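The values are calculated or read from the model by the stated rules, or taken from the named source; none is laboratory data. The structure presented is a predicted model; accordingly, all values stated were derived computationally and were not measured. Don't worry about glycine lacking a Cβ; one is built from the backbone with ideal geometry, like all the others, and counts go over all protein chains shown. With ligands, DNA and RNA removed, areas are computed over all heavy atoms of the protein, side chains included. Shrake-Rupley method; radii C 1.70, N 1.55, O 1.52, S 1.80 Å.
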Amino acid sequence: MSAAAESADVVIVGGGPAGSALALALADTVPPLRVMVLEARTAASNEYRPLALSRGSSLFLQRLGVWPQLSAAATPIRRIHVSQRGRFGRSQLEAAELDVPALGYVIDYGLLSATLARAAAQVSEYRSGLRVAGWAAVEPAQVSVERDGATQQVETSLLVIADGGGMADAETVDYGQCALTARVACDPPAADIAYERFTPEGPLALLPDRGQWALVWTVAPARAQQLCGLDETDFCAALQQAFGHRAGCFTGVSHRASHPLQLRRSARQPLPHTVLIGNAAQTLHPVAGQGFNLALRDVSELARQLLEAPQAAGSLDWTARYLAARESDRSRMAGFTHGLVRLFSNDIAPLGVARGAALSLLGSLPPLKRWFARRMSLGPHG
Ligand SMILES: Cc1cc2nc3c(=O)[nH]c(=O)nc-3n(C[C@H](O)[C@H](O)[C@H](O)COP(=O)(O)OP(=O)(O)OC[C@H]3O[C@@H](n4cnc5c(N)ncnc54)[C@H](O)[C@@H]3O)c2cc1C
């Protein structure tokens with residue numbers, strides 16, 4: 001270890017929601033671990049991005065001790081209505097059928113990030129305003145940090161990359177689509193139902209968010225740009241035309257933003273002293289609202305392995321075990337969201353009929369519907 005380098009037992013690159021959640025999950029390890037979080041931002045993100053948290057995720061956030069700070073701003077989803085525009089077939093999933101208070105909750109990414117980062121800063125060395133310029137999966141793992149024009153080295157026996165993707169090599173599928181997100185006012189106000197509507201342009205989700213709708217509308221990049229440029233009245237008219245009147249009359253819009261969509265999966269061979277979690281490991285299309293839910297399951301498994309075998313943490317066997325434990329959930333979620341996008345994102349007539357049949361089948365077979373609803377709200381072991 002070089003004299004100038006700093007060190008910690010666990011170094012987390014990226015203090016976003018996944019990195020912060022991991023720092024919190026490691027707070028009670030015995031013996032205590034020295035955990036350092038390196039976050040590029042200097043202030044909390046003020047981006048409006050609605051996240052649908054599964055019930056399993058809300059229970060995990062409860063275990064981490066942050067749910068009381070989040071729950072007041074989280075809107076419960078008690079029903080999910082799935083349909084396709086201009087064709088038959090729809091399905092409705094209800095919390096009451098699963099005997100749970102809610103299928104999930106809608107929360108703003110900015111609030112979630114800021115709350116988790118504040119809590120993580122209480123239990124770890126959370127350093128903001130530090131951009132990691134590079135890392136090396138060697139023994140010990142090395143991180144180069146930039147600050148005020150100077151570069152500093154940090155060393156660790158377990159490096160966790162939680163930077164949201166960007167620094168690691170990954171297999172990438174570019175969907176050639178953008179998710180347009182916005183907050184939409186409505187008459188009557190949004191209550192506790194979430195709509196997922198498959199349109200020829202792409203899936204359109206309306207999630208209830210404190211009396212308004214959180215919109216996630218998948219469209220071609222040029223269309224996203226055009227929709228972002230419309231005045232409020234024209235935007236509401238365009239949305240009304242695409243969605244119909246099932247959710248009421250759209251009366252205003254704020255916080256419009258466009259996000260390019262990709263499926264990214266990082267290389268799957270184990271690295272010495274290094275693992276990737278959250279969006280750094282896999283970035284999904286938001287069609288099923290599963291990215292952060294999957295990230296929390298990464299966090300949960302990593303914390304479990306660290307508690308179980310802290311001495312071996314970072315060895316190639318240990319990182320291989322972690323990857324193996326996460327492989328099936330990650331592959332299934334990537335396959336599921338990718339399949340949904342492919343099945344529902346074109347207007348070929350026979351496929352439209354098949355989609356309608358699938359939705360009707362889901363709606364008419366209670367056990368199948370319950371299985372689907374449990375998987376979506378509680379994760380793979382639901
Ligand atoms: C439109 C849209 C809708 C979505 N809807 C849902 C949903 O309904 N449900 C759901 O579960 N998921 C959803 N997601 C996915 C969800 O946003 C991500 O899965 C989640 O943000 C992943 O968290 P993360 O911490 O891994 O990455 P990020 O949120 O990207 O955080 C990464 C952090 O790392 C920091 N960082 C980056 N580079 C560096 C560096 N070099 N040095 C130091 N710090 C760095 C960043 O500043 C940031 O704070 C959606 C995504 C989009 C785009």
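Do the sum for the chain: with -39,500 (n - 2.57) for every DSSP H run of n ≥ 4, divided by all residues, what is the mean residue ellipticity at 222 nm, to the nearest 500 deg cm²/dmol?
It lands at -11500 deg cm²/dmol.
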request  = Could you point to the residue in HIS81, VAL123, ALA18 farthest towards the positive end of the chain's charge dipole, with +1 and -1 charges on the Cβ of Lys/Arg and Asp/Glu respectively?
outcome  = HIS81
key: the chain - convex hull of alpha carbons, volume per residue in Å³   = 139
ask   = Magnitude of the Cβ-charge dipole of segment 1-124, K/R +1 and D/E -1, about the Cα centre, nearest 20 debye?
value = 540
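Pop the C-beta distance of THR151 and SER331 into the FRET formula with R0 = 30 Å and round what comes out to the nearest 0.05.
Approximately 0.20, to the nearest 0.05.
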request  = Please name which of ALA242, ALA150, VAL132 has its Cα lying farthest along the dipole of the chain towards the positive end, using unit charges on Cβ (Lys, Arg +1; Asp, Glu -1) and the Cα centre as origin.
outcome  = ALA242
remark   = Net charge (Lys, Arg +1; Asp, Glu -1) of residues whose beta-carbon lies under 13 Å from that of PRO310, PRO310 excluded, is -1
query = Which angle between 0 and 90 degrees, to the nearest 10, do you get for helix 291-308 versus the longest principal axis of the chain when only C-alpha atoms count?
reply = 30
query = To the nearest 10 Å², what's GLU301's accessible area with a 1.4 Å probe?
reply = 30
ask   = In debye, nearest 20: dipole of the chain around its Cα centre with unit charges on the Cβ of K, R (+) and D, E (-)?
value = 1140
key: Under the Karplus curve 6.51 cos²θ - 1.76 cosθ + 1.60, θ = phi - 60°, whole-Hz ³J(HN,Hα) for segment 195-212, x wherever Gly or Pro sits   = 10, 10, 10, 8, 10, x, 6, x, x, 10, 10, 10, 10, x, 9, 6, x, 10
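Applying 1/(1 + (r/R0)^6) with R0 = 35 Å to the Cβ-Cβ distance of LEU230 and ARG63, what FRET efficiency is obtained, to the nearest 0.05?
Efficiency computed from Cβ-Cβ geometry: 0.20.
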